[in-house]
Amino acid sequence: MRRRGKLQDAPAQEAEPEELSDTRSIPPSAVNSVSAHTAVETLRSRSSRITARSPNFENLVLRPRKILIDQGKIEGNTNPYNHFGTEKPPDGKWIEYKALEGFEVAEVWLSLSRESIEEIIEEYDFMASKQVCEQEYASFATETFLRRQRRSRQNPTDRKWRAERMLQLVAPPAGRLNWDPPITFDQNTDEFKFDVRPDCSYWLSLAGFNPDYRSELENAVYVHEDWITCPYFTIEFKKHGQSVNQAEWQAAAAASVALYNRYVLKTNALGIENRAWTDKDKIQMRHYILTFVGAQYGIWILRASLENDRWDGCSMRRLCSSRCTAIAGVQKLERWINEIHRWGLGDHAAGCQVDVKTVLQFNDVDISAMDIAS
């Protein structure tokens, strides 16, 4: 089991990613370790300073950690219902997600009318005609497709799952409890801080956990500001002067931190239960990504690669690609986003909760009695 550590305050939002003052190699034993590693957005190579926007980022940061992006054909059917194994609604019908059990209080669902879809298409057409900057596209897509939960300092006690949308969250895994960067498989690779600050990401709110033991969660899983945990969806927009590949690399780097720590949580839980990985366990090891370039978008899945049930990197594959310049493209994006949230607040949240309970029970937190009492 991991040792308890002291959480450190996140750097100020406006702070620049810091540069490393030295380099260190990670020994082979680190492949099986869940101990903390130093992390950051900049890499000092032997000849230059590399950032997440560097044209060498994939070769110097991603590949040595076996974070691989498959640019080949789209995986499987582009229908999200087939991908997630959920029931497809009749043609022309919407799914009332808030009417589904367990999703009543979530406020991230999209329900776009024909009129609103046509307005979205007109907006993208206008932005293209005026050659607006990338930030205009990012701002419009965020306010249109990436909904957020209303917030209050009053913590909910209903134990319903909520998604928290975070914009450019500063959470580098440097000195943080249960928040480690993906391990490297090349001892000659320079150290790198994964301070990549994704444009947008969705995390689980702590509201879904029993309030009687929320204070103990950080001893099992990373908890940011006593507020959010277990991210499941990362969104990245192409920046001005940046290539499409660079946006994908940055998304992969951010998502890999979330996925690696999901793997660590599962590994800890399985070790306590003294049982081997099952196919059901392995299916849980995934994270979803949305990349945007103007009106064009791509939906990706990042899956953990396991070799003898040990972390062996991860692979990112495209599930869907389209544009918000026609009704079909907007509707497809709407369906994918809704189904990703359905998975995140459903299977993902439930799996994380089970593993967290296993770890806390091992740490002498009487989970069963607290759940019964509540």
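The values are calculated or read from the model by the stated rules, or taken from the named source; none is laboratory data. Small disclaimer: the values here were computed from a predicted structure and weren't measured. Heads up, the Cβs are rebuilt from the backbone with ideal geometry, glycines too, and the neighbour counts pull from every protein chain shown.
Do we find that Val257 is modelled with pLDDT of 95 or more and touching a Phe, Trp or Tyr at 6+ places or on another chain (Cβ under 6 Å) in this structure?
Details: modelled with pLDDT of 95 or more: yes; touching a Phe, Trp or Tyr at 6+ places or on another chain (Cβ under 6 Å): yes.
In short, yes.
Against the conditions (1) farther than 20 Å from Ala350 by Cα; (2) basic (Lys, Arg); (3) surrounded by fewer than 21 Cβ atoms within 10 Å (Cβ to Cβ), where does Lys238 fall short? Just the number, please.
(3)
Take Glu143 and tell me if it is under 29 Å from Gly208 (Cβ atoms), in contact with a strand residue (DSSP E or B) (Cβ under 7 Å, 6 or more places away or on another chain), at pLDDT 95 or above and of a type outside the set (A, V, I, L, M, F, W, C).
So Glu143 does not fit the description; no.
Residue check: is Arg151 closer than 25 Å to His348 by Cα, among the basic types (Lys, Arg) and in contact with a strand residue (DSSP E or B) (Cβ under 7 Å, 6 or more places away or on another chain)?
So Arg151 fails the test.
Here's the yes/no breakdown for (1) in contact with an Asp or Glu (Cβ under 9 Å, 6 or more places away or on another chain); (2) farther than 17 Å from Gln331 by Cβ; (3) in contact (Cβ under 8 Å) with a residue 40 or more places away in the chain:
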position: Glu75; (1), (2), (3): no, yes, yes
position: His83; (1), (2), (3): yes, no, yes
position: Lys88; (1), (2), (3): no, no, no
position: Lys98; (1), (2), (3): yes, yes, no
position: Glu107; (1), (2), (3): no, yes, yes
position: Leu110; (1), (2), (3): yes, no, yes
position: Ile121; (1), (2), (3): no, no, yes
position: Tyr124; (1), (2), (3): no, no, yes
position: Ser129; (1), (2), (3): no, yes, no
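A quick yes/no check of all residues on (1) in a loop (DSSP other than H, G, I, E, B); (2) surrounded by fewer than 18 Cβ atoms within 10 Å (Cβ to Cβ):
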| position | (1), (2) |
| --- | --- |
| Phe103 | yes, no |
| Met127 | no, yes |
| Arg148 | yes, yes |
| Arg151 | yes, yes |
| Lys160 | yes, yes |
| Trp179 | yes, no |
| Asn188 | yes, yes |
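Considering Ala174, Ala163, Ala220, which residue is in contact with a helix residue (DSSP H, G or I) (Cβ under 7 Å, 6 or more places away or on another chain) and under 19 Å from Ala254 (Cβ atoms)?
Ala163
Of the residues Gln242, Gln250, which is touching a residue at least 60 places away in the same chain (Cβ under 8 Å), polar (S, T, N, Q) and assigned to a loop (DSSP other than H, G, I, E, B)?
On the way: Gln250 fails: assigned to a loop (DSSP other than H, G, I, E, B).
Selected residue: Gln242, the only one of Gln242, Gln250 that is touching a residue at least 60 places away in the same chain (Cβ under 8 Å), polar (S, T, N, Q) and assigned to a loop (DSSP other than H, G, I, E, B).
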